[in-house]
Ligand code: 1PR
């Protein structure tokens, strides 16, 4: 029996699913006594260090946790569960951590995109039951803006390179903790969890690992989901956002089955977009919640969900906040939520005053779950102009002139799935959303969507140069070569596709094989 400390933020469902998949039962901590009675304690955390420590303090969990750890009993901390072991964090100055390991938690200052999101390797420094049996080539899923800095090196179990060599796992007696998420790291992650459940039986040795590691470019499979005319929830796909063919909604498969297939083919992440979320209330649209729950039982890579994340009043007049909607998604297995239409309206308001309200969905969700959990999905469309002076929006000179030979364009943001254009451009939107707390940009392009003509590199470069958060390039992938192009000609951290995967034109595994040796990728699939 594993005891799991859920302090109420983030996606613990995946950890529970992963442990149960390995044949172990999980008991959740509901009172401080449960911590002291645990045989093995797992503490997964995401989000904000200050928020976590405040909740642990309110629930009276800090003292029993310290007692448990000081008695050197089996413990696995994950992400914030690692950071909580330290004395303090730059994320919440003045607030004490548990102080079991001397040292602090620092923000990345590296001139690279932060958060550090994606699959990276580990350089193992000392023997441990936890990492026993790894080949050394595995990559694990990281998502964090802060890293631990122990004062003494004897606790360092592994390091990972991201601008600097930071400490990616620690060991002190029976206490182990990882910055990466084993429950989101496919088979190697499950392997590590299995080691923890079995207390790492066998001789402890150090697997051979490279001293420098490299963050992989991510390949993301995207599933646009909606009800078809018969009321079944289906994966659909549009051409420039039009999902109907001969009047009927295209049906390309079932969401849970397709997500599992992409996981097995080696997708590094799965994104679900509830494309009619702008008009339906997601908490009434329970099938989407069910899709997430069922997917997270078998898919051990990160899951993002978007569609309808905003403040909402239901048909009985009851109000829900965007934070409540997001919470329901996180509890159902999502690691990140994606905000589309609401982000445009938020940025319009911000541009009127230049002031943060602290109340927008981006701000409230990132304050609780951390920036890394908030993706902003942009649905821009090109507006061609003959001269850069025709608009106040940032303009690019394009290599693909418009229908009347126009040499310039700007990218107009849309809402409601491209149905309504607004007076905000994609570059400004991305920049302001970063300021408000978004941790990643999902950059679609209506002109390229479903065309198989390749990513809009000009769009990606202009948005990328305006932000320091990671950008997911999306829309237009028609071949493996297009993925290579986007990684060679832009600095996008990841690339997303839908149509070519759904129609089996190019499976995820073929994209990976094609990229191997040309760009850094995560090689292993699910098995
Ligand atoms: O506005 O917060 O409710 O979120 C709605 C979400 O649904 C947004 O993220 C929006 O992008 C998405 N969405 C709305 N309508 C559509 C539609 O297609 N009619 N899908 C839609 C957008 C775009 C991509 C697509 C890529 C890759 N899908 O994510 O998967 O373009 O496609 P490709 O590889 O086939 O070219 P809210």
Between helix 255-265 and the chain, what is the angle of the helix's C-alpha long axis to the longest principal axis, kept within 0 to 90° and rounded to the nearest 10?
70 degrees
Using only Cα atoms and rounding to the nearest 10 degrees, what angle (0 to 90) does helix 286-298 make with the longest principal axis of the chain?
50 degrees
Say each of residue 391 and residue 96 gets a label point 7 Å from the Cα, pointing the same way as Cα to Cβ; how far apart are those two points in nm?
5.5 nm
Set the Förster radius R0 to 22 Å, insert the Cβ-Cβ distance between residue 359 and residue 55 as r into 1/(1 + (r/R0)^6), and round the FRET efficiency to 0.05.
0.55
Where does helix 341-353 land angle-wise versus the long Cα axis of the chain, in degrees 0 to 90, nearest 10?
80 degrees
Counting only C-alpha contacts under 8 Å and six or more residues apart, can you give the relative contact order of the chain as a whole percent?
13 percent
R0 of 35 Å, Cβ-Cβ distance residue 293-residue 187: FRET efficiency to nearest 0.05
0.95
Gyration tensor on Cα atoms of the stretch 219-301, a ≥ b ≥ c root eigenvalues, a/c under 1.5 rounded, else prolate if a/b beats b/c, else oblate, says oblate
If you average the sequence gap of Cα pairs under 8 Å that are 6 or more apart and divide by the length of the stretch 185-339, what percent do you get for the contact order?
20 percent
Assertion target for 467, 105, ordered by fewest C-beta neighbours within 10 angstrom first, is 467, 105
Contour minus end-to-end for residue 313 and residue 32, with contour as 0.36 nm per residue of separation and end-to-end as the Cα-Cα distance?
97.5 nm
I'd like the distance separating the alpha-carbon centroids of the stretch 14-35 and the stretch 497-527, in whole Å.
34 Å
Quick calc of log₁₀ I(q)/I(0), the chain, Debye, one scatterer on every Cα, no solvent, q values 0.07, 0.10, 0.11 1/Å, result -0.37, -0.76, -0.93
Once you have the Cα-Cα distance between residue 468 and residue 284, take 0.36 nm times their residue separation minus that, and quote the gain in nm to one decimal.
62.7 nm
For 264, 434, which order do you get if you count the other beta carbons within 10 Å of each Cβ and list the fewest first?
264, 434
Length gain on complete extension for the stretch residue 504 to residue 1, per 0.36 nm per residue less the alpha carbon to alpha carbon distance?
176.9 nm
Taking 7 Å along the Cα-to-C-beta vector as the label spot, tell me the residue 110-residue 524 distance in nanometres, rounded to one decimal.
2.2 nm
Please give, to one decimal in nm, the separation of the simple spin-label points placed at residue 149 and residue 63, each 7 Å out from Cα toward the Cβ.
3.3 nm
In the chain, what % of DSSP beta bridges are antiparallel (nearest 5)?
50 percent
Span per principal axis, largest first, for the Cα atoms of the stretch 4-133 (Å):
44, 39, 28
May I ask for the distance between the Cα centers of the stretch 79-130 and the stretch 403-473, given as a whole number of Å?
33 Å
Three-way shape label, the stretch 473-527, alpha-carbon gyration tensor, a/c 1.5
oblate
How would you rank 440, 485, 20, going from fewest to most other Cβ atoms within 10 Å of each one's own Cβ?
20, 485, 440
Expressed as a whole-number percentage, the relative contact order of the stretch 2-197 with C-alpha contacts under 8 angstrom and at least six residues apart is 20 percent
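Values quoted throughout were computed directly from the atomic coordinates according to the rules given, and no laboratory measurement underlies them. Here the structure is a predicted model, which is why all the values come from computation and not from measurement. Heads up, the Cβs are rebuilt from the backbone with ideal geometry, glycines too, and the neighbour counts pull from every protein chain shown.
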